[in-house]
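Engineer: So that we are looking at the same thing, I have put the structure below in C-alpha cells.
The values are calculated or read from the model by the stated rules, or taken from the named source; none is laboratory data. Since this is a predicted model, take the numbers as computed values, not measurements. Neighbour counts are summed over all protein chains in view; Cβ atoms, including those assigned to glycine, are modelled from backbone coordinates with ideal geometry. Quick note on the areas: whole protein, heavy atoms, side chains included, nothing else; ligands and nucleic acids left out. Shrake-Rupley method; radii C 1.70, N 1.55, O 1.52, S 1.80 Å.
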Amino acid sequence: QHSTFAGSYPSFETRTLNTLSVVDYALNGTQTVDNTLTYYDLTTSGGGTKTAGGAFSLAADGTLNVSAGVFDPSTYLVTGGGTNTLTVADGATLKVNNSTFALNYSSGFTTYNFDSNSTIEYSGSGDQTIKGDVEMGYLVISGSGTKSLSATTTTATTTISGGTLDATASNYDLYADS
C-alpha cells in the first residue's frame, strides 16, 4: 500500500481498468486518488484522508463508495458517467469544497446512499449551497462563508465549526436517529 496508485504499481506504464473493476484506496493514512484513470467502482477505506489528485471520472453505472475515513475532492470535479451511485458509510466523511455539491460531484450521480451515521462536510473557504432533497446523517459546516440550503435538507445532527448556516430560503428538518 502506497500513498498513490502509481506507487503501488510503478512498473505499469499503461493502466486501464475494466468494467466492473474495483479500486480500493485502503491505506490507513493519507492517499492521493489517481486522476488519470476512469474508475468503475472506486472505494476509499482505511483511516485517513483520500484526496483527489485532479478531476477524474467514473464509468457509467459506477460507484464512489466512501466506506471509511475522509474523501476530499479538493476543488476538483468527480464526473459520473451517468446513473452513478455515491455511497458514504457510517463513520465516513464526504467533503464538499466548491460552491455547490454539483461542482464537486457531477449530475451523473443519480443515487445517493448516505448512511445514518455518515458525515457530509461543507468545508469551502467561501459561500456554498448545500444540496437539498437528500437525507444526511451528520451535516458539518466548516471553513468560512455562508452555507445556504437549496431545498429541504434533512439531517440527524448539524455541527457548525466555521462559517454561517443560512436556512431562510428552504426547510430544514432534524430527525431522531433510531
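Engineer: Given the condition of a type in the set (Asp, Glu), crowded, with 17+ Cβ neighbours inside 10 Å and free of Cβ contacts under 8 Å to residues at least 40 places away in the same chain, answer yes or no: does some residue in the stretch 19-29 qualify?
Structural biologist: No: the stretch 19-29 contains no residue that is of a type in the set (Asp, Glu), crowded, with 17+ Cβ neighbours inside 10 Å and free of Cβ contacts under 8 Å to residues at least 40 places away in the same chain.
Engineer: Here's a follow-up. Inside the stretch 100-116, can you point out the residues that are assigned to a loop (DSSP other than H, G, I, E, B) and either open to solvent by 30 Å² or more (accessible area, probe 1.4 Å) or closer than 14 Å to Thr83 by Cβ (or both)?
Structural biologist: If the condition is that a residue be assigned to a loop (DSSP other than H, G, I, E, B) and either open to solvent by 30 Å² or more (accessible area, probe 1.4 Å) or closer than 14 Å to Thr83 by Cβ (or both), then Ser106, Ser107, Gly108, Asp115, Ser116 are the ones that fit.
Engineer: In the stretch 42-56, what residues are open to solvent by less than 20 Å² (accessible area, probe 1.4 Å) and touching a Phe, Trp or Tyr at 6+ places or on another chain (Cβ under 6 Å)?
Structural biologist: Thr44, Lys50, Ala52, Gly54
Each row is one residue, and each column tells you yes or no for (1) in contact (Cβ under 8 Å) with a residue 24 or more places away in the chain; (2) within 17 Å of the chain's Cα centre (by Cα); (3) open to solvent by 20 Å² or more (accessible area, probe 1.4 Å).
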{"position": "Gly132", "(1), (2), (3)": "yes, yes, no"}
{"position": "Tyr138", "(1), (2), (3)": "no, yes, yes"}
{"position": "Ser144", "(1), (2), (3)": "no, no, yes"}
{"position": "Leu149", "(1), (2), (3)": "no, no, no"}
{"position": "Thr152", "(1), (2), (3)": "no, no, yes"}
{"position": "Ser161", "(1), (2), (3)": "no, no, yes"}
{"position": "Leu165", "(1), (2), (3)": "yes, no, yes"}
{"position": "Thr168", "(1), (2), (3)": "no, no, yes"}
